[in-house]
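Participant: Starting off with a structure, shown below.
The values are calculated or read from the model by the stated rules, or taken from the named source; none is laboratory data. Being a predicted model, the structure only gives us computed values, none of them experimental. As a convention, Cβ positions derive from the backbone with ideal geometry for all residues, glycine included, and neighbour counts pool all protein chains shown. Heavy atoms of the whole protein, side chains included, go into the accessibility calculation; ligands, DNA and RNA do not. Shrake-Rupley method; radii C 1.70, N 1.55, O 1.52, S 1.80 Å.
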Number of protein chains: 4
Amino acid sequence: MPRPPGHGPGFEVRRQKIIDTAASLFAQQGYAATSINDLGRAVGLAKGALYYYIGSKENLLIEIQSRVLGPLLARAKEIAALDEVPLLRLRLLSESLLTIIFRRLDHIWVYEHDYRSLSGKELEIVLRQRSDFEHLITGLLTEAVEEGTFRAVEPHLATLQFLNLHNHTYQWVRPDGSWDAAFLSGEYCSTLFRGFAANVGELPDVEALAAEFKRARPELPLDPEALWESVSVAS
Amino acid sequence: MPRPPGHGPGFEVRRQKIIDTAASLFAQQGYAATSINDLGRAVGLAKGALYYYIGSKENLLIEIQSRVLGPLLARAKEIAALDEVPLLRLRLLSESLLTIIFRRLDHIWVYEHDYRSLSGKELEIVLRQRSDFEHLITGLLTEAVEEGTFRAVEPHLATLQFLNLHNHTYQWVRPDGSWDAAFLSGEYCSTLFRGFAANVGELPDVEALAAEFKRARPELPLDPEALWESVSVAS
Amino acid sequence: MPRPPGHGPGFEVRRQKIIDTAASLFAQQGYAATSINDLGRAVGLAKGALYYYIGSKENLLIEIQSRVLGPLLARAKEIAALDEVPLLRLRLLSESLLTIIFRRLDHIWVYEHDYRSLSGKELEIVLRQRSDFEHLITGLLTEAVEEGTFRAVEPHLATLQFLNLHNHTYQWVRPDGSWDAAFLSGEYCSTLFRGFAANVGELPDVEALAAEFKRARPELPLDPEALWESVSVAS
Amino acid sequence: MPRPPGHGPGFEVRRQKIIDTAASLFAQQGYAATSINDLGRAVGLAKGALYYYIGSKENLLIEIQSRVLGPLLARAKEIAALDEVPLLRLRLLSESLLTIIFRRLDHIWVYEHDYRSLSGKELEIVLRQRSDFEHLITGLLTEAVEEGTFRAVEPHLATLQFLNLHNHTYQWVRPDGSWDAAFLSGEYCSTLFRGFAANVGELPDVEALAAEFKRARPELPLDPEALWESVSVAS
DNA sequence: TATGAATGAGACTTCATTCAT
DNA sequence: AATGAATGAAGTCTCATTCAT
């Protein structure tokens, strides 16, 4: 959502910093409870100048949502399309999701908490993207059932369990704590895969596969840092 | 936070109805986005009269929080104290939690979403109660590990998985859908217990135990209706 | 446009006074240049209370427009339907229009000046009503041409001349000056009727007819006071 | 209000174009409702540069007013001083006025609508010029009465009728419609002259006189184009 | 018990204007 | 000659709360 033409080189940089600050404030106090004045104070800019950068308060919310959903969906699609067993792809997708949660906890707070503050059209877009993400997971789970790795769990309900487990993490996680995204992903997947398994003894060693994959394909979609940066600055 | 003495008999009844309505509105639009005017319109009372009943807007939030946490904690303590195997107690606790979620989805929305709108002291109380609830679960999970039913999962992390799975349910559940609390509890516990099991083949048949328990002890803590009503009206 | 139910008896009275004051301020400074604060100061009410009465600033404009157009159109329809010669009806209509202009010069200023500040739907309504008014005049002028009293003037252009002459009056008229609506109407009609006449010598003595009509039918549509009051207070 | 000396040759040209654009925008949306940003977008100039040319927003209004009043008054004085019968001079003046209205409808809208947005001193100047214009007309009408062509109409009231008829035209006229300034002038003057005539049968054939005058003196004050251009660019 | 009326702070946003570069 | 950036006042409107009746 680039601003009208005719902006200096510093514009976009500063704009991104303002959105960063907004995400942080919204995460702490909530979108509705954060005033434009608060934001202005936090970034050291008068209200007028603020609007020069942001357009509107709701715009900030939109930007934050797309900062989360953009990289997430892009990454998820890449992973889902890999030529690997479904469990590995689920494991990679889990780690990507948790990585973003760890990396931008404030964005995730806003994403999870305040998406309903969006107005009609923007809300639709966000909801559709969320739905797209869900369907990718459902697809992978269905594959795992069909190939016999998982017992006959209902794919939709299994998807919801996958999402519950991951998406609620933002409520308590501390990015600087002793657990990181890779570890948590291993734990979550361990629980889910055993829980869904047709036969626990026959489950592939997903952690080994994931380690191998990361070693063999270090460039690709496994470092969320690069993707996040690229998307958020360009958005 | 009951009103000073000297109120007619209808006072408390009407007050509870107002809180019900408030919970519904807050759940739909969010606490911050719901005005006292909205509430007045919804209950058919002018603002002056409304304040006679509610004291303040934040008061409503406090009431709603305690309506959820009161019965939940009371129930959970009863269940944790039962003389049954840990897995059955976890299963009963799971169903209680989900039952409340199904029964009072609007309260849960507010509970999950807007607890951070509380001011210092009230927030502390809520957070402590939440922590108490967590510890009950951690205790049961620890028991299951110690008796060898579960493998050596880290109890705290296992607790968080249990809570993630249950607490995020409010985001998508439809109380009038095809799934009920008992079914969902069975599914969640199936996933978690298999996921945590030391040996899946040796897991007790928790569903059978739960059915037997409900048959043998129909009166006590398994019908959340009675408890909810008693607590919410008296609170 | 009555306010939501549940207002005391003084509400409507005060509301009308506020609209009066608004019309006066808008007439002096223009709609866009008059702030709600100005209005609040003028009526001695804080902003909050003001909005309790007015709903929105644009609402004031709508009310003022309808205060003018309501009585005007009602009166004009009555007059056009009278069983009198076209020239008398035109003369009566002229006097009604000028009477309203004299009586509520501030409303007319707003009506003529700021109708374009209305938003889409409300603007449409006003424009349609204006158009209805025009068509009544066109009808009467056409009658006068067809019966041979007027020469073959183009009715549309004749209508526009009638309206130009009357509607621009608000720009300079002083209600407390030496001319009143009846006099000015006589002058305007004298100019127009002679100007349009097929044969000036054969024109009826419209002033005599008007005097006779007022004497014979004093109750009906010739005293704008009553109509104005009734409409404006009830609106 | 020319800028301080030391401007390049293109300065004045560009400045005039900006005022043109401003007149167009003010006419469409009103002076108060048009922002400097709107103007900047319309002329393709950033705000800083805009201020280099315009000085202030009110300045634009002043320029537009004087663009209308300058040529109008100059022309009117020339015409009033002609050695022709009063009715011809009135007819020529009418056509000049309507020609300007047709030619620069947007300027006229601003002129008629927003002159009250001027501050004290500038407003005075405009009002005096308007008054000067009126007096020229009053003079001609008085002549016509004194020479017996017109009946004993009150010159001031007759002037106001003349002005009402002409000045309200901007409200509905379409410059690209089927009527042009000459035609409309003929119609208006026909109505007024017959309306004011002492004896309609003895009125001179003003249309013939006007045609003759235009043929005999094509160079002078009858083509408003030249005058407009000269005045507006030099102002 | 209940109401309508009033308040004043504060919300989001726009805008004319200035100025360093 | 021109720009992008910044300001601060002011604008419209909402809202939790209070209070006389």
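Participant: From the label point of residue B:214, set 7 Å along Cα to the beta carbon, how far off in nm is each other copy's matching point, shortest first?
Facilitator: Label-point separations across copies, in nm and ascending: 4.3, 9.0, 9.8.
Participant: Follow-up question, since we're still on this one. Ignoring ligands, DNA and RNA, how much accessible area is buried between chains B and A, both sides summed, with a 1.4 Å probe, to the nearest 100 Å²?
Facilitator: Working: alone 11570 and 11510 Å², together 20110 Å².
In total, this chain pair buries about 3000 Å².
Participant: Here's another thing I want to ask about it. For region D:1-116, what is the relative contact order in percent, using Cα pairs closer than 8 Å and at least 6 residues apart in sequence? Intermediate results must be reported in sequence, preceding the final value.
Facilitator: Numbers: 74 pairs, mean separation 40.0, N = 116.
The normalised contact order for region D:1-116 reaches 35 percent.
Participant: What is the Cα coordinate range of region D:90-197 on the first, second and third principal axes, sorted by size from largest, in whole angstrom?
Facilitator: Principal-axis extents of the Cα atoms in region D:90-197, largest first: 42, 37, 17 Å.
Participant: Next up: At 1.4 Å probe radius, can you tell me the per residue accessible area of the protein assembly as shown in Å²?
Facilitator: Numbers: 40230 Å² over 940 residues.
Dividing the accessible area of the protein assembly as shown by its residue count gives 43 Å².
Participant: Here's a follow-up. To the nearest 10 square angstrom, what accessible area does residue A:212 show with a 1.4 Å probe?
Facilitator: Its accessible surface works out to 90 Å², give or take rounding.
Participant: By the scheme Lys and Arg +1, Asp and Glu -1, what is the net charge of all other residues having a beta-carbon under 14 Å from that of residue B:45? Walk me through the numbers on the way to the answer.
Facilitator: Working: positive: B:14, B:15, B:17, B:41, B:47; negative: B:20, B:38.
Summing Lys/Arg as +1 and Asp/Glu as -1 gives +3.
Participant: How far is residue D:47 from itself in the other copies, in nm, if each label sits 7 Å out from Cα along the Cα-Cβ line, shortest first?
Facilitator: Those label-point separations list as 1.5, 2.2, 3.5 nm.
Participant: Going by amide H atoms built from the backbone, whose H comes under 5 Å of the H on residue C:150, apart from near neighbours?
Facilitator: C:145, C:198
Participant: Whole-Hz ³J(HN,Hα) for each residue in region D:140-146, computed from phi via Karplus 6.51 cos²θ - 1.76 cosθ + 1.60 with θ = phi - 60°, x for glycine and proline: what do you get?
Facilitator: Using θ = phi - 60°, the values come out as 5, 5, 4, 4, 5, 5, 5 Hz.
Participant: Using only C-alpha positions, report the orientation-averaged shadow area of the convex hull of the protein assembly as shown, nm², one decimal. Before the final figure, lay out each step's value.
Facilitator: Working: hull surface 215.2 nm².
The number I arrive at for the protein assembly as shown is 53.8 nm².
Participant: Counting only protein heavy atoms and using a 1.4 Å probe, what share of the accessible area of the protein assembly as shown belongs to carbon plus sulfur, as a whole percent? Can you show the working numbers first?
Facilitator: Values: 22080 of 40230 Å².
Carbon-and-sulfur percentage of accessible area, whole number: 55.
Participant: Right, next: Using protein chains only and a probe of 1.4 angstrom, how many square angstrom of residue C:156 are accessible, to the nearest 10?
Facilitator: Here the residue's solvent-accessible area equals roughly 90 Å².
Participant: Also, I was wondering about something else. What pairs in C:47/D:57; A:57/A:121; A:17/A:47; A:47/D:47 have C-alpha atoms more than 24 Å from each other?
Facilitator: Exceeds cut-off: C:47/D:57.
Participant: Karplus couplings for region C:163-176 from phi (6.51 cos²θ - 1.76 cosθ + 1.60, θ = phi - 60°), rounded to Hz, Gly and Pro as x?
Facilitator: Result, rounded to whole Hz: 5, 3, 4, 7, 6, 7, 4, 4, 5, 10, 5, 10, x, 9.
Participant: Turning to a different aspect of this structure: What is the sum of charges around residue B:149, taking Lys and Arg as +1, Asp and Glu as -1, for the other residues whose C-beta is under 11 Å from the C-beta of residue B:149? Provide the component values of the computation, followed by the final result.
Facilitator: Values: positive: B:151; negative: B:143, B:146, B:147, B:202.
Once positives and negatives cancel, what remains is -3.
Participant: Then there's this: Tell me the distances, shortest first, between residue A:176 and the same position across the other copies, using label points 7 Å along Cα→Cβ, in nm to one decimal.
Facilitator: The answer, with the shortest distance listed first, is 4.9, 6.7, 7.5 nm.
Participant: How high is the relative contact order of chain A, in percent, with contacts defined as C-alpha pairs under 8 Å that are six or more residues apart?
Facilitator: 27
Participant: Next question. Which chain B residue puts its Cβ closest to the axis that rotates B onto C, and at what distance in whole Å?
Facilitator: B:48, 3
Participant: Which whole-Hz couplings ³J(HN,Hα) result when phi for each residue of region C:28-42 is put into the Karplus expression 6.51 cos²θ - 1.76 cosθ + 1.60, θ = phi - 60°, listed in order with x for Gly and Pro?
Facilitator: For region C:28-42, the Karplus-derived couplings read 6, 10, x, 4, 5, 8, 9, 9, 4, 5, 3, 4, x, 4, 5 Hz, x marking Gly and Pro.
Participant: Then there's this: Do any trypsin sites (Lys or Arg not before Pro) in region B:95-171 lie in a loop, going by DSSP, with at most 15 other beta-carbon atoms within 10 Å of their beta carbon, and if so which? Write down the numbers at each step before the final one.
Facilitator: On the way: sites: B:103, B:104, B:116, B:121, B:128, B:130, B:151; in loops: B:104, B:151.
Passing sites in region B:95-171 are B:151.
Participant: What spacing in nm lies between the two simple spin-label points modelled at residue B:13 and residue D:41, each 7 Å away from Cα in the Cβ direction?
Facilitator: Distance between label points: 5.9 nm.
Participant: I've got another one for you. Which value, to two decimals, describes the C-alpha radius of gyration of chain B once divided by 2.2 N^0.38 Å? Show your work: numbers first, answer last.
Facilitator: Numbers: Rg = 19.4 Å, N = 235, 2.2 N^0.38 = 17.5 Å.
Rg over 2.2 N^0.38 Å, computed on Cα atoms: 1.11.
Participant: Next up: Summing +1 for each Lys or Arg and -1 for each Asp or Glu, what net charge is found among the other residues whose Cβ lies under 12 Å from the Cβ of residue A:121? Mind dumping the intermediate values first?
Facilitator: Working: positive: A:128; negative: A:58, A:122, A:124.
Value of the local net charge: -2.
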